[in-house]
Amino acid sequence: MVKVGLTGGIGAGKSEVSRLLASYGAVIVDADKIAREVVEPGTPGLAAVVEEFGDGVLAPDGTLDRPKLGGIVFADPDKLKALNAIVHPLVGARSAELEASAGPDAVVVHDVPLLTENGLAPLYDLVVVVDASPGTQLDRLVRLRAMTEDEARSRMAAQATRAQRLAVADLVIDNDGPLEALEPQVREVWERLRAA
C-alpha cells in the first residue's frame, strides 16, 4: 500500500485532481466528505458542535448550517481552533477505518485540505500538492463558488501559505492553467504513485 497525502489551497483544484486519481483506480479518503459525515444529524460530532457554538449553527431541518458556522469560525482563529478540536479527531478515526479496508496493493490517496496546517505530511509516503496562484484561487472562489471577494480572501488567509504547502510537497501539480492541462499532469503523477 502506498499512502499519499493530497492537498492544495481552497480553489486550487484539488477536488478535480482527486476525481481523476479515483478514475485511475486510487482509493480516495476525502477528509472534507468525512468532515461532513461526522456532523450529520444524530452524530456525537454535531452534538459537540452545537454544545460549543449554540443552536444558532443549526438549519431549520436540524442539519449543520455550514455557511453560518463558516462565517463564525473563519472570522475568529480561536473559534476555528475549537471547531477543529471537535472535528479533526473524528475525521482521523474514520479515515483510518477506510484506509484499513483498502487492499495491500492499493494507492490510498488522503484528500486533506489542512494537511500542511496540521503538520500531517509525515503520516504519508508521499505528499502531492495541487498548486495555483492566489489570483487564480481568488478568481475561482468568486466566479465558481459565488463567494464575495472578502469571503474568499478570509478563507484563503485561514489556510497555509502557498510557500508552506510547497515546502512539504514531494510532487506538485500546477493547476494555474485550463482544465485540459491538468489531466496529463495527474496521469503522470498516477504513474509515479503506482511505481512507488
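The table below gives the values:
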{"item": "Options S95, S101; residue that is of a type in the set (S, T, Y) and without any contact (Cβ under 8 Å) to a residue 12 or more places away in the chain", "result": "S101"}
{"item": "Residue that is acidic (D, E) and more than 22 Å from T161 (Cα to Cα), where the choices are D78, D105", "result": "D105"}
{"item": "Residue satisfying condition, being under 19 Å from V127 (Cα atoms) and either open to solvent by less than 40 Å² (accessible area, probe 1.4 Å) or in contact with a Cys (Cβ under 7 Å, 6 or more places away or on another chain) (or both), within set L21, L46", "result": "L21"}
{"item": "Condition check for E117: charged (D, E, K, R) and more than 16 Å from the chain's Cα centre (by Cα)", "result": "no"}
{"item": "Condition met for V57 (β-branched (V, I, T) and farther than 24 Å from A100 by Cβ)", "result": "yes"}
{"item": "Exclusive hit being among the basic types (K, R), surrounded by fewer than 18 Cβ atoms within 10 Å (Cβ to Cβ) and closer than 30 Å to A169 by Cβ, set K68, K79, K14", "result": "K79"}
{"item": "Output for the range 24-43, where each listed residue is assigned to a helix (DSSP H, G or I), open to solvent by 30 Å² or more (accessible area, probe 1.4 Å) and within 19 Å of L126 (Cβ to Cβ)", "result": "Y24"}
{"item": "Matching option when the condition is modelled with pLDDT of 95 or more, open to solvent by 70 Å² or more (accessible area, probe 1.4 Å), outside any loop (DSSP other than H, G, I, E, B) and of a type in the set (A, V, I, L, M), among V130, V172", "result": "V172"}
{"item": "Residue list for the range 133-165, restricted to those being polar (S, T, N, Q) and either surrounded by 19 or more Cβ atoms within 10 Å (Cβ to Cβ) or closer than 15 Å to G177 by Cα (or both)", "result": "S133, T136, Q137, Q159"}
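The values are calculated or read from the model by the stated rules, or taken from the named source; none is laboratory data. Note that the structure is a prediction, hence the values are computed from the model and not measured. FYI the Cβ positions are ideal-geometry reconstructions off the backbone, even for glycines, and counts take in every protein chain you see. Accessible surface is based on the protein model in full, side chains and every heavy atom, while ligands, DNA and RNA are left aside. Shrake-Rupley method; radii C 1.70, N 1.55, O 1.52, S 1.80 Å.
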